1. Please report, in whole Å³, the volume per residue of the convex hull around the C-alpha atoms of the stretch 159-260.
2. At a 10 Å Cβ-Cβ cut-off, how would you order 263, 146, fewest neighbours first?
3. Calculated from DSSP H runs of 4 or more alone, at -39500 (n - 2.57) each and per residue, what is the 222 nm mean residue ellipticity of the chain, nearest 500?
4. Bin all alpha-carbon pair distances of the stretch 1-139 at 5 Å intervals from 0 and give each bin's fraction as a whole percent.
5. If we count other beta carbons within 10 Å of each Cβ, what is the order of 272, 153, fewest first?
6. Helix 139-150 against the longest principal axis of the chain: what's the angle in degrees, Cα atoms only, rounded to the nearest 10?
7. With a ≥ b ≥ c the root eigenvalues of the C-alpha gyration tensor of the stretch 71-166, is it rounded (a/c under 1.5), prolate (a/b larger than b/c) or oblate?
8. In what order do 32, 95 fall by count of nearby beta-carbon atoms within 10 Å, going from fewest to most?
């Protein structure tokens, strides 16, 4: 096993994303047209032209990033025929990975993540929650500090991103207490501008809404395993997909462990499929031995056409 496809999550959005793929690839163009039809609105225009104030709304960001990732995947397949041995995605990117594995139909996925984004936004009143990136403290120590900072409220690790970076989420006051504790232990803390405290217990209402929607969606057999965010283990069982996606909403994204697990499976090359290079940077810190490619533009695909990727 040599080749993995990795799919980005929220945070990689940018006005203009996907436009060059739409213009250069019939396969990518078909994906954007499918998204517009599935949602009953022009998501493609929002990706290409903005406004940014609309694109950054979670209910729009999630389907936009998914669509750009699946469009890049379609263009990559059209041009190279590359087939990964395993796929994984960061948070929202797990839906893109499941589309790549054949488990979810793209039209179903884009509707699901529109609902997921809206549900996550609605789960907590504005200003109630917060997130912060903590640098320089081991996860085990941070878990203990979160328990100390909680004082009856919620605060917990939300993203184990690797390279010494862990994002925490929860009630705003509890996150503030955690930040103070982290700084007292020589950790660095960076408050994040987010619309809601993702991947923590406060997201339970969103998890319930997603579970209800997933109950009406067909999950097909997986052509390749997906390393899930929740377990950081490869899953090839279609019967477990819904459970893992629902749990992911309220549980931490174990990205560092997921990349390490892919490497343990024999992966030597990872291609980030979608807009931006966020995961390429994280993977470089987690597993410096990996050969990494970002694939979000026609020029990126041209590079991969001539390379012996995963050989």
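1. 110 Å³
2. 263, 146
3. Helix contribution divided over all residues of the chain: -14500 deg cm²/dmol.
4. Cα pair-distance distribution for the stretch 1-139, in percent: 2, 10, 19, 22, 20, 12, 8, 5, 2, 0.
5. Least crowded to most crowded, the residues run 153, 272.
6. Computed tilt is about 50 degrees.
7. oblate
8. Taking fewest neighbouring Cβ atoms as first place, the list is 32, 95.
Any read-out appearing in this document is the output of simple, stated calculations on the displayed coordinates, not a laboratory observation. Predicted model, so just to flag it, every value in this text is computed and none were measured. Positions of Cβ are backbone-derived with ideal geometry, glycine not excepted, and every protein chain shown enters the neighbour counts.
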